[in-house]
Structures are given as C-alpha cells and as structure tokens.
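The values are calculated or read from the model by the stated rules, or taken from the named source; none is laboratory data. Here the structure is a predicted model, which is why all the values come from computation and not from measurement. Ideal geometry is used to build each Cβ from the backbone, glycine not excepted, and the neighbour counts take in all protein chains shown.
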Protein chains: 2
Amino acid sequence: MIHVGIIGFGTVGTGTARILLGNRVLLRERTGIDINLKKIADIDIKRDRGLILPKGVLTSSADQLLDDPDIDIIVELIGGTTIAKEMVLKAISKGKHVVTANKALLATHGAEIFRAAAKHKVEIGFEASVAGGIPIIKVVREGLVANKIKAVYGIINGTSNYILTKMTEEKAEFSEVLKEAQKLGYAEADPTYDIEGTDSAHKLAILASLAYGSQFNIKDVYCEGISWISPMDIEFARELGYKIKLLAIAKETGGQVELRVHPTMIPEEFLISKVDGVFNAVYVDGDAVGSTLYYGKGAGDMPTGSAVVADIADIARNVVNGVPGRALFLSSPKPKNLMKMDDVRSMYYFRFSALDRPGVLSKISGILGKYNISIVSVIQKGRHEGKAVPLVVLTHMAREKDVVSAIREINRLSVVAGKTAIVRVEGQKNG
Amino acid sequence: MIHVGIIGFGTVGTGTARILLGNRVLLRERTGIDINLKKIADIDIKRDRGLILPKGVLTSSADQLLDDPDIDIIVELIGGTTIAKEMVLKAISKGKHVVTANKALLATHGAEIFRAAAKHKVEIGFEASVAGGIPIIKVVREGLVANKIKAVYGIINGTSNYILTKMTEEKAEFSEVLKEAQKLGYAEADPTYDIEGTDSAHKLAILASLAYGSQFNIKDVYCEGISWISPMDIEFARELGYKIKLLAIAKETGGQVELRVHPTMIPEEFLISKVDGVFNAVYVDGDAVGSTLYYGKGAGDMPTGSAVVADIADIARNVVNGVPGRALFLSSPKPKNLMKMDDVRSMYYFRFSALDRPGVLSKISGILGKYNISIVSVIQKGRHEGKAVPLVVLTHMAREKDVVSAIREINRLSVVAGKTAIVRVEGQKNG
C-alpha cells in the first residue's frame, strides 16, 4: 500500500481526493497497487467541498503529513512560491516524493527543487503543472523520447483562449469579454497573471526544460499579453486567413532555443487554430514523429486531478518496484543556450495608424526595406483624407531587432498617428 | 548498455534503425542508457535502404538475434500473424523483451502472447501498433490511468481517412479516389485491409483492451468499411452539418463494452471532424479528464519508428532498473463484457431510394415508428414523378436490432427501389 498526503484542499485538491477515493479500485486493478489517501491538510477544515472523507483524514496541520513516516507521496496544491516551496523542500528532505501542479514554483525555483530531489533520491511529479488534464509532460518526456524536438507551440492558458475566442466570435472588445469571463468564473478578479502571458510563460519554461534538457526559468521567456488586442486586428487577421491566439512557443534553431509567449497569427486551416474556448492544446514537432497535437481541458478540479493522480500512480509503481527516479532526466541538465529575443526571426503583422495622404505607404515601406523587412501583402482600408486609417502590412521572415528599430523609426513619422500594432505570425499559408 | 535486435528491415525497420543510430547520443542524454542497435535480420540483405549500417549488423538469420545472449530487446517488424508470432514467442521464451508494431498479431493472438510474456517476466511494447507516432498507448495506459474511460473514438486508418477527405473535398467517387491514392502510395495494391475497416478493428481491439482491462480480440469488433460510401451521402451529411469519417468506437455503457468500426457522421464543429488526409487522431473521454484528443501521423517509417524507439527506451529503463513489466496491466485481464451489436444504440442516417409518389414518406415513417425509431429530420430532394429519388432521414437514438428489422421491412416495400444506405451518427449537434 502506498500512502498519499495532500496539502491544499482547494479546487484541484478536491478533484484529486475525489478521484483517489472514487477510482481507488480501478487504480488498484490497473497498477496492482492500493493507493491510500491518508491525510489532507488545509487551513480551512470547515468548508463543505461536497466530498465525504473518512474520519481523521482532514487536518489543519501540514506538519502532520510531513512528519508521518507512513506517507510516501506529498501532493502540494497550495500554490504560490513561498510556503509551497518550503513545504516541497521539507517533504523532499524527509525522503518523500512530491507531486505538484505548481507551475510558478517550478518555473521559478525548479533548479533548486530538482537538485534537492536528486540528492534525496525522490521524484517530483508535475504533470498537472502544464495543460491540466493533457498528459503532455509524459508525452514529451517518454512518448516522444526518440525525437529531437524542433518546436513546441502551446495554447496553454484557458482564460486567454476563452477571451480571444469570444472576441473573434462576437467581434467584441477585450474589456467587455474580460468582464463576461470574470462573471462566468473563467477569469480571476485580478486577471493579470493569465492575460499578460505570465501563466503561459511558466508552463513554457517547464515544457522547454523537458524538450531541450536544460532547466529553463520564467526569466528566460519573452512575454507579451493579449490585453491590447483589438477586434480590428482579429478582423484583419481573418481577412488574411489567420486566427489570433496567445501562443507559447519554444523552438530550436541552430543550436539555440527561443522561448516566447505572445499573441500570434496562425493560418486558420491549422488544427491548433480550431482550439477554442477554455480548451488547451500543445503542438509538438519532432524530427522523427513530425506534427503531433494534444488537446484537452487545461484547468478544473477533475482534469487537473486526473494529471495529479497519474503522477501518483507512476511514482507508486516506482516506489513499489524500488526504483524512484526512473524517468527523471532533469537532474543533470545541459547548459542553457538561449536565443536573445533580438535575434529571433518571425513573420510579422503590422497595423499602422497612417494619415490618409499620398506617399505614406512609400515612406513606411522604405523604412521597412532599409531594415531588410520585405512585404508579403498590404491592406489599406477606408478613405478619410488627412485622417488616420489602418494600414496593414504582412511581412516575410524578419529579425526582431530590425523590426523593433524599423517600427521605432516609423512611429516617429509625422504621417503616423499612433502606436503600431505588432502581431507575430507563425506557419506558412497554403498556396 | 542495452542491446537491440530488429527483425524485419522494411519501412518501419529502416525508420527505427535511422533513429537509433542518429539520435543515440540524445537518447543516452535523456535516459542515461546507451542503446546499441546490435543486429538487424531480413531475408533481403542486398537492397539499399539509404542507411549506412556499422559492419556486421545486417544478417539474413533471425536466429542469430534470437540466440544472441547479449540482445535484451527484439523488435519484431515483419508483420503478419504466422512467422511473426513464432519469432515473438521464441524471443519471449528466451527471456527477451519484445517491441512490435504488429496490430494484427496482437489483436489475434494477444492473449497467448501476453500470457507467455507474463510467464517469462518480459515486456511487450506495442506503442507502434496503434496510430503510428501518436503515443496513444502510453496516454491511455499511464497518462489517463486515473480515469474510467467513457469512450474512445479513433480515426486510426490513414488510407481510409485520405480517401474520405478527398471524396469530400473533390466530390469524387470512391473508386476514382482509391486509384489516385494507390498511385500516390497511400493505398496498397490490395486495399481491402484498410478500406474494409479490418486495420482499424485490429487497433481498436488493442486500445479497448487497455481502456477496459480485458483482452479484446479482432472477433469482438463489429466492422464495416467505406467502399460503398457515395459522394451523395457525403453531400447530404454536409447539408446536415456533419462529416463522414471511418471511426473506431469503444464505449462502456451499463457495464458493457461496445466495439465497432464503421463510417460515422460526426458534427463538423467537432475537432476530430477536422482531422484530414492521412493523419490519425484518437479522442478519449475520461470520467475525470473529460474530452481529450491526440493527433499525428498514423504511419510511415519515422513516425512509427518514433513509437518503436519510445518503447525501447521505456523497456531499457526498466531493464537497467531491474523491474521489467513495470507498467504492465494486461497480465491478469478482467473478463470480457461485450455488448452484442444488436443491443448497440446509436443515431442513424438513412438514405432511401424511394419512388416519388404520394404517401411514400408516410409508409416509411410508419415502419420506423413501429420499431420505436423516431425521426429528427427529413430531406427530400429532386422531383421525378414515378422515379426513385433520395429520401434522407436522420433519427434519434435507436437500437441496432430495431433498425435492422425496420430497414429490412422498408427495403421490401414496392415504393423503395434499392438498398437503403445506413450511416451511424455520433455526437449531438449544438443547438
């Protein structure tokens, strides 16, 4: 029998407990191991979670779990990077395996935690930290182990994807849709973490660490959110045959890894463009397997609980077999080889606010040309002589550094009335 | 060091060898294990596979591999169910682990092979047997281990999906598209195995065995192919908001498992409807995780090789750790509880060839009503008084047995000119 202790009895904690209790027989049939939920610790032991626990399981003292020599696996579900870190390190130091859904913790203090785990020969399961119920950690680490990973593209924040989907379907403003999402519980009261890309960046750091065998950190990820996206940009993208998604991108080019999160235009015929609402999807391109995609719910009590319990089952198998750390490969990571954002190459969508005067396009395209940015297509719409109208330009591959310089110069032009909207473009359109 | 021997140096054998040689360092970095491709056996040792092998690796004698005490893992890639079975059982009896891409072998003789493997404490890796490069076996067996599997829906035959996609895009006849597919190498000279659903049925038996913990056999799967599908049915489906796909379906209802492969109408807004061409996808619905989908290439040297090498890496880890059989859970399967096809419930699309006379719809709907089959919608198109015109009926849920009886009775009506086309329908349309 393997004993599990859960610290943090919130949404995911409740889902995890529900699965461990409800599917205990199924899990025993499948793994040959009886997994016993021995203790749950939470500061609030009064609230009704709609779950009947055996007597004595719930406690307000996390130490009761950490000090219990019977407990093999500690599940950390309190979140944050302070108390959670303390608890995780304490569990590790006591020789307990750890399962966590805490992406912020791993993307910030991952190196330290994995070092400690290696030292104490315990496992860290973190399937639930990326893309909720989608077993993407296992897929990248084991299922695609034979592949050099060429690229990973993830829609890994449900809140942002919900907002962008609604903006696209209803041609609505960001602020409107955000309010609606908050009402429905799809966005937090303070949505910054989700809409500014931080959550996606945490998850990308974890995925990229597995894909490229280095311990990447949140600081390594270039990050831009979606709050400035306007229905106009979504509409222009549609006209050009693209969807706008908040994409987390990891790519290896010439031995360097680029890591970035930003609104991205993707050809509408790509499968990942069709991932709508709160759903998540991760596209992985491997040198042997080619294009693959993994889709499912990225959050919620039961989907995330599914991932937590998968980790528990995996570790339980290893514990019973006496081989903890079986699939670990982050204990001696390769040195990072991070591409500077300046050197990243991409295609771009620019929306200039240009005065409707003769010669404006020539001025703008002249500056783009000077910086080696060549144009694929131009859309100029609406005529208001002397007034600002949107001028949309789609480019071939260009270097970020050149783009930054060119746009700075263009924004200074007297015929340009406002800040230029910039959306990076991924994926070649057919034909 | 782990030594591998490959029997069968065809397409997948070549892909597997290419990965083992080309990504050897990567695999060592990731697993900590040096995986050595020691021998490859094939009756044809002359043909150029575009691959430079170290001297002495290629042999025409499979026994050289089976008798080599150094070789830990035998990769069976010869296909078929006779010699392959012999080799696999021999490898097992010599204490060697086996990796195979052979779905026919496992769906026919799986019970015997897994029993032998359990007896000799060796592992059988078969990731490559279903959906090529998509790590769906690992996903179902490990990633979703916490879930009662409610349903599995697979597009798991690339040839059929390519043909149906082309028929849909080009409004072309089956026979035309098949010829084109054969020219392009997407269909075999004898395409029966693919287009009649047998290949999908083999793979479904394997998937269902994992999902439901019983050892299902090809004989347990109801199977219908796509060769009779006409562009007319695809067009009617489109009008009704559906795509037609060859779907492999496993579902548990009331403790019984239904297993079937047949052309299926799916709402066009479902993600799986958008899986086109030779690509495969498996949709898995778990009680905790909800809807998930896994997408990638279902065939080909490198994608299938990716799955073979993932199995090799997994087994290598277990061998090095001294725990073969770590994730096995088919050694003591649950008894089968298979639903009879007669009892299966589904929605249906019927296309009757009805004479264009007053009262025909009333006669047909009368018979449907008698068998408790209620109608959702009717499309009647084209007017040719006294001639046969298509009459399309979409139904609510009905029992297969009732449908068979009703259609038999309807086909006997004097006002019905030909055999009725029947396509089962899955998934509720929105709104």
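The table that follows gives values for the structure above.
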{"item": "Residue match in region A:20-30 (condition: among the aliphatic types (A, V, I, L, M), within 12 Å of chain B (Cβ to nearest Cβ), under 30 Å from residue B:334 (Cβ atoms) and assigned to a loop (DSSP other than H, G, I, E, B))", "result": "no"}
{"item": "Given (1) of a type in the set (D, E, K, R); (2) assigned to a loop (DSSP other than H, G, I, E, B); (3) closer than 18 Å to residue A:406 by Cα, number of the condition residue A:383 does not satisfy", "result": "(3)"}
{"item": "Near pairs, Cβ below 8 angstrom, 6+ apart or cross-chain, from region B:140-158 (free of Cβ contacts under 8 Å to residues at least 24 places away in the same chain) to any residue that is in a loop (DSSP other than H, G, I, E, B)", "result": "B:143/A:135"}
{"item": "Residue in region A:375-431 that is surrounded by the most Cβ atoms within 10 Å (Cβ to Cβ), counting only those that are modelled with pLDDT under 95 and of a type in the set (Lys, Arg)", "result": "A:429"}
{"item": "Residue count, region B:190-236 (criterion: of a type outside the set (A, V, I, L, M, F, W, C) and within 18 Å of residue B:266 (Cα to Cα))", "result": "8"}
{"item": "Criterion: more than 19 Å from residue B:314 (Cα to Cα), buried (at least 16 other Cβ atoms within 10 Å of the Cβ) and under 29 Å from the mean Cα position of the chain (by Cα) - qualifying residue of B:17, B:104", "result": "B:104"}
{"item": "Options B:311, B:342: the member that is modelled with pLDDT of 95 or more, surrounded by fewer than 19 Cβ atoms within 10 Å (Cβ to Cβ) and in contact with a helix residue (DSSP H, G or I) (Cβ under 6 Å, 6 or more places away or on another chain)", "result": "B:342"}
{"item": "Sole residue being touching a Ser or Thr at 6+ places or on another chain (Cβ under 9 Å), hydrophobic (A, V, I, L, M, F, W, C) and under 23 Å from residue B:44 (Cβ atoms), chosen from B:116, B:128", "result": "B:128"}
{"item": "Selected residue [in contact (Cβ under 8 Å) with a residue 60 or more places away in the chain and in contact with a His (Cβ under 7 Å, 6 or more places away or on another chain)] from B:379, B:315, B:422", "result": "B:315"}
{"item": "Helices (runs of 4 or more DSSP H) completely within region A:108-204 that count 3 or more residues being within 14 Å of chain B (Cβ to nearest Cβ)", "result": "A:158-170"}
{"item": "Set B:68, B:48: member being assigned to a loop (DSSP other than H, G, I, E, B), touching a residue at least 24 places away in the same chain (Cβ under 8 Å) and acidic (Asp, Glu)", "result": "B:68"}
{"item": "Matching strands (runs of 3 or more DSSP E) fully within region A:260-355 where at least 3 residues are out of contact with any Asp or Glu (no Cβ under 6 Å at 6 or more places or on another chain) and more than 9 Å from chain B (Cβ to nearest Cβ)", "result": "A:279-286, A:345-355"}
